[in-house]
């Protein structure tokens with residue numbers, strides 16, 4: 001999970017986790033927010049959550065690229 005969080009932060013997301021939340025929340029202007037729990041990664045848009053992924057670095061990377069949520073010059 002640390003690799004996933006490092007990746008998200010390296011690509012401009014800021015953590016905005018509420019106290020005592022089961023999810024760690026990350027926000028970046030212009031793209032979907034990302035929530036991470038021990039069980040899943042959730043992408044959240046303006047109208048709610050739209051993608052649930054397993055805790056897997058490559059699943060997240062592929063989903064962000066496929067749905068154009070990650071800049072072409074992303075930091076791995």
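The values are calculated or read from the model by the stated rules, or taken from the named source; none is laboratory data. Keep in mind the model is a prediction, meaning the values are calculated, not measured. Reconstructed Cβ throughout: ideal geometry from the backbone, glycine too, with neighbour counts over all protein chains shown.
The table below gives the values:
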{"item": "Residue 51 surrounded by 12 or more Cβ atoms within 10 Å (Cβ to Cβ) and touching a helix residue (DSSP H, G or I) at 6+ places or on another chain (Cβ under 7 Å)", "result": "yes"}
{"item": "Selected residue (criterion: surrounded by the most Cβ atoms within 10 Å (Cβ to Cβ)) from residues of region 56-76 that are at pLDDT 95 or above and in contact with a helix residue (DSSP H, G or I) (Cβ under 7 Å, 6 or more places away or on another chain)", "result": "60"}
{"item": "Filtered residue count, region 7-43, keeping only those that are assigned to a helix (DSSP H, G or I) and surrounded by 13 or more Cβ atoms within 10 Å (Cβ to Cβ)", "result": "3"}
{"item": "In region 7-16, the residues that are out of contact with any strand residue (DSSP E or B) (no Cβ under 6 Å at 6 or more places or on another chain) and farther than 16 Å from residue 62 by Cα", "result": "9, 10, 12"}
